[in-house]
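The values are calculated or read from the model by the stated rules, or taken from the named source; none is laboratory data. Not measured: the values here are computed from a predicted model. We place every Cβ from the backbone using ideal geometry, glycine too, and count neighbours over all the protein chains shown.
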Amino acid sequence: MSFWHTGTVIHGYGNGQKFGFPTANLLPDSPVGLEKGVYAVRVRVDGKCHKGMLYVGTRPTLKLDTLTFEIHIFNFRRKIYHERIAFSIVAKIRDEKRFQSTEELVRAIEADSAAIRGLLRAPEHALAKTSHLQSIMTIIGQAKARMGAQHIDQWQDGYPNEESIITDINKKQGHVFVKDHQVVAYAAIVHGKDPYYENIDGQWLTNDNYITVHRIAIHNDFLHRGYADHIIRYAEKYAKKQGIPSFRIDTHHDNLFMRNLIRNNGFTYCGIVQVRDGERLAYEKPLL
């Protein structure tokens with residue numbers, strides 16, 4: 001599960017703006033404990049997730065010595081002084097370095113930006129095929145192992161197995177997400193009544209015309225890049241395009257990653273449903 005650091009945006013010296021990379025200077029709520037350098041990050045502003053570039057350091061090229069946390073949010077122009085934001089580390093790009101000139105510094109920032117944009121670029125989507133099966137099962141196996149290590153009693157009894165994924169493929173509800181010709185994530189996107197959702201200890205928000213997403217799994221080498229968020233957004237966009245008015249989803253009580261993902265994407269908790277291997281927390285999000 002990725003960790004989100006929070007803080008308040010404060011005024012800085014405006015150097016980022018001068019260099020063509022305006023930054024939000026962050027005063028963290030608590031010690032962050034990051035090494036000096038440049039990082040690819042995800043940034044949350046007003047509940048919406050953005051991609052960004054974080055610099056942690058003392059700006060030696062500019063002959064400054066105060067430790068600073070500066071975040072450049074890609075494709076974001078709104079002033080957010082005094083607002084609270086959060087960021088999550090995806091990967092470290094390089095260590096802090098003193099450059100011989102501001103021109104050399106700007107070239108380095110431009111290179112950092114290009115590298116991070118490529119790293120955070122959303123994966124491409126395709127319907128799953130039987131040729132993807134081995135890659136999908138590898139990703140499913142990794143997800144099972146992670147949940148087992150976190151003592152989450154979900155997917156610990158052999159499910160999902162090859163048969164369930166083949167069923168997804170045959171029904172054209174299995175979806176793969178591909179980055180640089182590698183399958184990095186899998187999910188089943190299903191339109192139609194889910195028998196497990198027929199009875200709920202609580203109440204759904206809408207009628208029975210909804211989409212669901214099951215079996216979300218991300219490859220170990222591509223965690224914390226926002227791909228699970230991407231899957232949820234893709235499914236929501238698909239549902240709206242098809243005129244499907246609602247989106248339902250469930251997760252295990254101990255699966256904090258999924259609970260946070262669901263909450264951060266605007267779902268409302270509706271109650272408890274009984275699924276194949278026990279209770280699940282059930283959520284819904286009206287779309288139209």
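Residues of region 210-224 that are over 22 Å from ILE169 (Cα atoms) and part of a loop (DSSP other than H, G, I, E, B): LEU223, HIS224.
Would you be able to say whether some residue in region 181-200 is in contact with a Cys (Cβ under 6 Å, 6 or more places away or on another chain) and surrounded by fewer than 15 Cβ atoms within 10 Å (Cβ to Cβ)? No: region 181-200 contains no residue that is in contact with a Cys (Cβ under 6 Å, 6 or more places away or on another chain) and surrounded by fewer than 15 Cβ atoms within 10 Å (Cβ to Cβ). Restricting attention to region 132-178, the residues that are in a helix (DSSP H, G or I) and either acidic (Asp, Glu) or not assigned by TED's automatic domain parsing to the domain that holds ILE218 (or both) add up to 3. Sub-7 Å Cβ pairs linking a first residue in region 136-162 that is without any contact (Cβ under 8 Å) to a residue 60 or more places away in the chain to a second residue that is small (Gly, Ala, Ser) and part of a helix (DSSP H, G or I), at least 6 apart or interchain, are TRP155/ALA143; GLN156/GLY148, ordered by first then second residue. Taking the criterion of being of a type in the set (Ser, Thr, Tyr) and in contact with a Cys (Cβ under 7 Å, 6 or more places away or on another chain), the only residue of region 239-288 that qualifies is TYR283. Applying the selection to region 110-131, what residues are part of a helix (DSSP H, G or I) and either among the aromatic types (Phe, Trp, Tyr) or out of contact with any helix residue (DSSP H, G or I) (no Cβ under 8 Å at 6 or more places or on another chain) (or both)? Residues satisfying the conditions are GLU110, ALA111, ASP112, SER113, ALA114, ALA115, ILE116, ARG117, GLY118, LEU119, LEU120, SER131. Looking across region 210-241, the residues that are within 15 Å of LYS285 (Cβ to Cβ), modelled with pLDDT of 95 or more and either not assigned by TED's automatic domain parsing to the domain that holds GLN156 or not hydroxyl-bearing (Ser, Thr, Tyr) (or both) come down to ILE211, VAL213, ILE231, ILE232, ALA235, GLU236, LYS237, ALA239, LYS240. Does ALA108 qualify as being free of Cβ contacts under 8 Å to residues at least 60 places away in the same chain, small (Gly, Ala, Ser) and outside the structural domain of VAL176 (by TED's automatic domain parsing)? Yes: the conditions hold for ALA108. For region 85-107, the set of residues classified as in contact with a strand residue (DSSP E or B) (Cβ under 7 Å, 6 or more places away or on another chain), more than 15 Å from ARG117 (Cα to Cα) and exposed (fewer than 15 other Cβ atoms within 10 Å of the Cβ) consists of ASP95 only. Total residues in region 102-130 satisfying the condition of being of a type in the set (Ser, Thr, Tyr) and under 11 Å from MET53 (Cα atoms): the figure is 1. Right, ILE89: under 19 Å from the mean Cα position of the chain (by Cα), within 21 Å of ASN265 (Cβ to Cβ), modelled with pLDDT of 95 or more and not in a loop (DSSP other than H, G, I, E, B) or not? Spelling it out, it is not the case that ILE89 is under 19 Å from the mean Cα position of the chain (by Cα), within 21 Å of ASN265 (Cβ to Cβ), modelled with pLDDT of 95 or more and not in a loop (DSSP other than H, G, I, E, B).
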